[in-house]
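The values are calculated or read from the model by the stated rules, or taken from the named source; none is laboratory data. Everything numeric here is computed off the predicted structure, so don't read it as measured data. All Cβ positions, glycine included, derive from the backbone under ideal geometry; neighbour counts span all protein chains shown. These area figures cover heavy atoms from the full protein model, side chains too; ligands, DNA and RNA do not enter into them. Shrake-Rupley method; radii C 1.70, N 1.55, O 1.52, S 1.80 Å.
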Amino acid sequence: MKIKGVNFFEQHVEKIVLGVVSIVLLGALTAQFVIEPNVVKIGSSQYPPHQRFLPAENEANSLLARMSDPAPTVPEVRDQPLMARFTERVGTPVAPRQRIALSTGGVEIQGVEDVPGAETIMAMPVIPPLRSVVAAPFLATVDPYEWIGSPELRPFLPAEQPFDKAAVSVEATFSGRALRDALLRDPDGPEGPQRSLPPGWWRDNFEILGIELQREERTATGEWSNVVEITSIPGRLDLIHEVRTDRPNAAELRFIVEDARRAMRQIVQPDYLRTIAGPAWVRPSEAIAAYALADEAQDIARVKSQIAALDKRIADLDRSIEDLRAPGGERRAPDPARRADPGRGEQPSPQRDPAADANIRRLQAQREGIVRQREIQVKRLQELGGTPDDPSRREAARAGAAPLLDNAELHLWAHDATARPGTTVRYRMRLVLNNPVYGKTSLGEDQRQLAADPLLHGPWSDWTAAVEVPAEQYFFITSAAEGDALGRGPRVTADLFRFYYGYWRRARATLEPGDSIRGTAQLPEGLLLWDLDALASSGQEALQPHEAEPGREGRPIAGAPDTQPRVLPANAREGPRSLPLASDVMLLDVARLPGGIDAGLAGGRRQAFQAVLREPTGSILVRSPDEDRAGGFYRGLSASAEEGRTQGQAAPEPEPADQRSVPEQRQQPREERQPSGGGSGGKTGGGG
């Protein structure tokens, strides 16, 4: 039966909906797997959704490969001649013409120097000569740390310890004000064609870079020959050598001049080598003045000089300790790299070195040892009736009190550590300054040679008086006698001296004809010798105390009161207790001096004898015991030998002033003396 009122659509609507949904689903599935899928566009490329991070990954891998490349391709950088451009600008005028036309008249610009033109004739200043040039020998025992710290110094030191070293110091005075006057003086007057250097060229740009020293030796015939240039002590500041070697340009030379200004005292008043025993170094003028005094006054002056030298060493140590405690932990030396690159400026201070604290302890130990030495010298001075001078007055004479051109009397000196023992020498010296005209391009063609040399040399001084470098040993005949009725033959007594560990050591021998001088000197306990290799590897803290008297550290001196036993310092051993001495001079005979000699206060004359000896060269030598004993040189060596017997022991307490005996006036006439190092006078004894 046919359904009434229901059409075809109503009758099949669910089938139609199901068919449409099926078709849509089928189309979606077809589009997903048959037609092109969805893509992501990155740059100019398209990627499926699951590959959208692939370009970033590829770029990262490429960048990583470039970073890991050991030889990457770098872009070419153009050469920038900054130094050449800077030097060119410094040497050229700041304006195209010397004179600039102004709309106003009579305007004076303060501080602008007149730059001479090519037609100007410049006159170089005349360096004033050095005055009061003197030389004096010095003999002491060099600190082993000088051997460790300066390998280039080792050829000039003895092969074995102790490093007993003879040297000569030369001193002079120079007037910086006279140099300033020479710079300001018109060389030929206002009407002449020459003119002095513009102040802008030399103001703050004129300093002493060093001292040149020459030495001559006297031959056996009395002539002077063998002129030798003496270089500075190895390891010390040597700006002259630096300039000659590096040939700096004008801009670099100004940095060297700044270094010279800061290091003025090191240049004109260099310290001698550090010593551990023997007399303290004093200026040659002071040493000569001390030996020109009478015996008692000479002793006082000598002790005062020792105290002054110890005060200076204490002050130097205080400054070194202060520098180590400052930020950076050490005083920086001039930086050559800063001169090569002026644009760098001052570099930041380095971090404090961990070894600075160890160095501070070492320096403090050195200071304690020197203070003890000073106390000993002060007690000796009080025994002689003198009082120490004020250290502040002496310090004012040191360099640095006034700039070079404002210093009316600058004391300067240099050291010769290469003089051969036993020779007679003399010296002359001159100053070397920087050339303020160096590198100037505004000079005329015929004056360009004035700007060619970075160094300016002063005139040579006069030669000093002859100086005798202390020999390694000396001998003196102290008594002589002919044969007697008891069958004893001619005989003499001789004293043989050798410098060892800061003092002259004496050996006494009795000779008969055919004998050479042989003897043994006794040494005090506590003279230490050091293992240099161990010290070099363990650092500078090992030597304790620096510059202290040998014997003050380590085992106690025999007989010293209230001294607690101590263990020897590390890397040290005790030195010998005796020192064999020998001279190849042979006694031939003893002769009576005809007529005898004056008996002095006893009146009349007394018999005297002479010793006839033969030297190793075969020459005959005649010596008088009376003359040898009376010589100031013998007395000086004897005094040193007596002091050396108690080396390292504490000085006795001085007597009260009201109980101190007045020294007797000596009857022997005072002789002309000359310092010979180690607290002795002019040489009268024979070398052994």
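How many nm is it between the label spots at residue 30 and residue 418, if each spot is 7 Å from the Cα in line with the beta carbon? If labels sit at residue 30 and residue 418, their model points lie 10.9 nm apart. Rolling a 1.4 Å probe over the protein chains gives residue 126 an accessible area of about 110 Å². Cβ-Cβ distance of residue 322 and residue 466, R₀ of 60 Å, FRET efficiency by 1/(1 + (r/R0)^6): the value works out to about 0.90.
Applying 1/(1 + (r/R0)^6) with r as the Cβ-Cβ distance of residue 441 and residue 315 and R0 = 60 angstrom yields a FRET efficiency of 0.85.
Note on residue 578/residue 493: beta-carbon distance plugged into 1/(1 + (r/R0)^6) with R0 of 22 Å gives a FRET efficiency of 0.65.
Could you rank the peptides 219-229, 74-84 by their average count of other C-beta atoms within 10 Å per residue, with the highest value first? Numbers along the way, then the final one.
On the way: 219-229: 9.5, 74-84: 7.5.
So the order, starting with the most tightly packed, is 219-229, 74-84.
In terms of packing, defined here as the mean over residues of other Cβ atoms within 10 angstrom, the peptides 453-459, 314-320 line up highest first as 453-459, 314-320. What the stretch 205-311 shows is 41 Å² of accessible area per residue, with the surface traced by a 1.4 Å probe over protein heavy atoms. The order of the peptides 501-509, 416-424, 463-471 by mean Cβ neighbours within 10 Å, most packed first, is 501-509, 463-471, 416-424.
Computed over protein heavy atoms with a 1.4 Å probe, the accessible surface of the stretch 446-526 works out to 42 Å² per residue.
Would you mind classifying the stretch 229-276 by shape? Square roots of the alpha carbon gyration tensor eigenvalues, ordered a ≥ b ≥ c; an a/c under 1.5 is rounded, otherwise it is prolate if a/b is larger than b/c and oblate if not. Don't jump to the answer; show the numbers that get you there.
Working: a/c = 3.28, a/b = 1.75, b/c = 1.87.
Oblate, since a/c reaches 1.5 and b/c is not below a/b.
Contour minus end-to-end for residue 226 and residue 455, with contour as 0.36 nm per residue of separation and end-to-end as the Cα-Cα distance?
Numbers: separation 229, 0.36 × 229 = 82.44 nm, distance 2.57 nm.
Residue separation times 0.36 nm, minus the Cα-Cα distance, leaves 79.9 nm.
In a fully extended conformation the segment linking residue 219 and residue 624 would gain 143.3 nm over its present Cα-Cα distance, using 0.36 nm per residue.
Volume per residue for the stretch 174-216 equals 116 cubic angstrom (convex hull of Cα atoms). With the simple spin-label model, which puts each label point 7 Å out from Cα in the Cβ direction, the residue 22 to residue 371 separation comes to 11.6 nm. Each label point is 7 Å from the Cα along the Cα-to-Cβ direction; what then is the distance between the points at residue 185 and residue 615, in nm? Calculated label separation equals 4.9 nm.
What is the gain in length, in nm to one decimal, between residue 592 and residue 56 on full extension, counting 0.36 nm per residue of separation less the C-alpha to C-alpha distance?
Once the chain is fully extended between residue 592 and residue 56, it gains 181.2 nm.
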